[in-house]
Amino acid sequence: MCYMQRIVEMIDIKKIRADFPILQREVYGKPLVYFDNGATTQKPRVVVDSIVDEYYSVNANVHRGVHFLSQQATVLHENSRETVKQFINARSTNEIIFTRGTTESINLLACSFGEAFMEEGDEVIISVMEHHSNIVPWQLLAARKGIGIKVIPMNDKGELLIDEYKKLFSEKTKLVSVTHVSNVLGTINPIAEMIEIAHANGAYVLVDGAQAVPHTKVDVQELDADFYAFSSHKIYGPTGIGVLYGKEDLLDRLPPYQGGGEMIQTVTFEKTTFNELPFKFEAGTPDYIGTTAFAKALDYVTAIGLDAIAAYEHELTTYATQRLKEIEGMRIFGEADSKGSVISFLVNDIHHFDMGTLLDRLGVAVRTGHHCAQPLMQRLGITGTVRASFGIYNTKEEIDVLAEGLKRISSMF
Ligand code: PMP
């Protein structure tokens, strides 16, 4: 038996499913088949319990209090930062900024990096497969500062063209901001190589890791990423929490993003001095209840093991691709050699919205539409797709429900 198969067999799917109470529910009298994990994942009991327990037994504002509860809440919050640090192998907790999510992490960097490191005429490189949250912040910066935006193209399999990428650099290129894994195509971009190329051209790199961190081991030091953004809610944690990782020497040189409590050292009406990292970037009361629960989610994933998760999800995706290809008129968007657990598709000329609505009646939750990637839809020449995205609790039996449902629905048209 090969190594991959052995680690897949270590996954106790029954036990994992039992950890997620929502998976027991029915939709329209049918067992829920939840295939919208790319949008958000369901939460295991340990995560929800953590939220309830902390509100009931610890709740107090962090960092400011001399009293017992405040200190206990602070310890929990800062321990969570340590958990995140270890999870992505950052050098220090000073490199872990808590945000509201990937979107806020990218906006933070666009504002702060744009302010300090970019001037009119400078350029940022993004790719054709970016989520809107890695396009619009750069357009806002372009409108404010007159920077240019260049776009890496892709081939018809949904793979970025690395030779074309190399040609986009000029002495004006200050930053590459690119997704690690596409939320539409599932493409796993060769991010380490792309970072090396950017560095050789004197540019920094921000990686949008929203769709990568839940499915594959990410080591920011090994990647040599300058900045890396991701969201808690896509990795079985609560909504409203995210991370911006940044190399400490770079974060030190960046100005604050928002002003307020927590991010200051001294304030007079004439002058304010800023707090040290990471607090310089964390104005206001943080979601300390959320960060504790987030750490519980990371511990949960770590206990299963990211290698096992990646292998299991790869097996699911391979099986799903095979089953979907049995359906007449099936078009799959994104067939990169290196691909994560996302399948975007259309069947004949059935509108994605109709397909999604009919699948929903069968208890199957998929996402339909442009997936916040309208420029990618334009590149593909379509208005949207149906997207099934898998997580650690999904099964081959559920994929059979999807495949049989698709067959039934397409025979109706
Ligand atoms: N980037 C990618 C690739 C995503 O898939 C998403 C979420 N769909 C985001 C960014 C934005 O994440 P959030 O909404 O959690 O800020």
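The values are calculated or read from the model by the stated rules, or taken from the named source; none is laboratory data. Everything numeric here is computed off the predicted structure, so don't read it as measured data. Please note: Cβ atoms are built from the backbone with ideal geometry, for glycine as well, and neighbour counts cover all protein chains shown. Just the protein is used for accessible areas: all its heavy atoms, side chains included, with ligands, DNA and RNA removed. Shrake-Rupley method; radii C 1.70, N 1.55, O 1.52, S 1.80 Å.
So the values come out like this:
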{"quantity": "Conditions (1) closer than 30 Å to N275 by Cα; (2) not basic (K, R); (3) not in a helix (DSSP H, G or I); number of the one not met by A39", "calculated": "(1)"}
{"quantity": "Every residue from region 65-117 that is closer than 15 Å to A229 by Cα, assigned to a loop (DSSP other than H, G, I, E, B), open to solvent by 10 Å² or more (accessible area, probe 1.4 Å) and away from the ligand (no atom under 16 Å from the Cβ)", "calculated": "N89"}
{"quantity": "Flag if K157 is assigned to a helix (DSSP H, G or I) and either modelled with pLDDT under 95 or of a type in the set (K, R) (or both)", "calculated": "no"}
{"quantity": "All positions within region 29-63 that are farther than 30 Å from L362 by Cβ and either among the acidic types (D, E) or out of contact with any Ser or Thr (no Cβ under 7 Å at 6 or more places or on another chain) (or both)", "calculated": "V46, D49, I51, V52, D53, E54, Y55, Y56, S57, V58, N59"}
{"quantity": "Residue under evaluation F169, criteria (1) more than 16 Å from the ligand (Cβ to nearest atom); (2) surrounded by fewer than 21 Cβ atoms within 10 Å (Cβ to Cβ); (3) farther than 26 Å from G381 by Cβ; (4) under 23 Å from the mean Cα position of the chain (by Cα), criterion not met", "calculated": "(4)"}
{"quantity": "Test: residue in region 211-223 that is over 18 Å from the mean Cα position of the chain (by Cα), modelled with pLDDT of 95 or more and assigned to a loop (DSSP other than H, G, I, E, B)", "calculated": "no"}
{"quantity": "Cβ-Cβ under 8 Å pairs, at least 6 apart or on other chains, region 209-221 side within 10 Å of F87 (Cα to Cα), far side away from the ligand (no atom under 11 Å from the Cβ) and aliphatic (A, V, I, L, M)", "calculated": "V213/I88; K217/L306; K217/A310; V218/I88; D219/I88; V220/I88; V220/A90"}
{"quantity": "Those residues of region 356-413 which are free of Cβ contacts under 8 Å to residues at least 60 places away in the same chain, of a type in the set (D, E, K, R) and under 30 Å from D307 (Cβ atoms), in sequence order", "calculated": "E397"}
{"quantity": "Out of T302, T285, T239, T292, sole residue that is more than 30 Å from K174 (Cα to Cα), part of a helix (DSSP H, G or I) and either in contact with a strand residue (DSSP E or B) (Cβ under 7 Å, 6 or more places away or on another chain) or open to solvent by 40 Å² or more (accessible area, probe 1.4 Å) (or both)", "calculated": "T302"}
{"quantity": "Selected residue (criterion: surrounded by the fewest Cβ atoms within 10 Å (Cβ to Cβ)) from residues of region 218-236 that are within 27 Å of A200 (Cβ to Cβ) and within 16 Å of the ligand (Cβ to nearest atom)", "calculated": "V218"}
{"quantity": "Sole exception among (1) within 26 Å of V243 (Cβ to Cβ); (2) touching a Gly at 6+ places or on another chain (Cβ under 7 Å) for G121, by number", "calculated": "(1)"}
{"quantity": "Flag for L316 being under 24 Å from V33 (Cα atoms), in contact with a Lys or Arg (Cβ under 8 Å, 6 or more places away or on another chain) and open to solvent by 10 Å² or more (accessible area, probe 1.4 Å)", "calculated": "no"}
{"quantity": "Any hit, region 133-141, residues being more than 16 Å from the ligand (Cβ to nearest atom), open to solvent by less than 10 Å² (accessible area, probe 1.4 Å) and in contact with a Cys (Cβ under 8 Å, 6 or more places away or on another chain)", "calculated": "yes"}
{"quantity": "Scope region 336-350; condition farther than 17 Å from Q211 by Cβ, touching a helix residue (DSSP H, G or I) at 6+ places or on another chain (Cβ under 9 Å) and open to solvent by 30 Å² or more (accessible area, probe 1.4 Å); matching residues", "calculated": "N348"}
{"quantity": "Residue among V184, V207, V178 that is open to solvent by less than 10 Å² (accessible area, probe 1.4 Å), assigned to a loop (DSSP other than H, G, I, E, B), within 11 Å of the ligand (Cβ to nearest atom) and modelled with pLDDT of 95 or more", "calculated": "V184"}
{"quantity": "L254 being in contact (Cβ under 8 Å) with a residue 60 or more places away in the chain, more than 15 Å from I88 (Cβ to Cβ), surrounded by fewer than 24 Cβ atoms within 10 Å (Cβ to Cβ) and away from the ligand (no atom under 16 Å from the Cβ)", "calculated": "yes"}
{"quantity": "Condition check for I51: of a type in the set (V, I, T), within 16 Å of the chain's Cα centre (by Cα) and surrounded by 16 or more Cβ atoms within 10 Å (Cβ to Cβ)", "calculated": "no"}
{"quantity": "For G158: the one exception among (1) within 16 Å of the chain's Cα centre (by Cα); (2) under 20 Å from H370 (Cβ atoms)", "calculated": "(1)"}
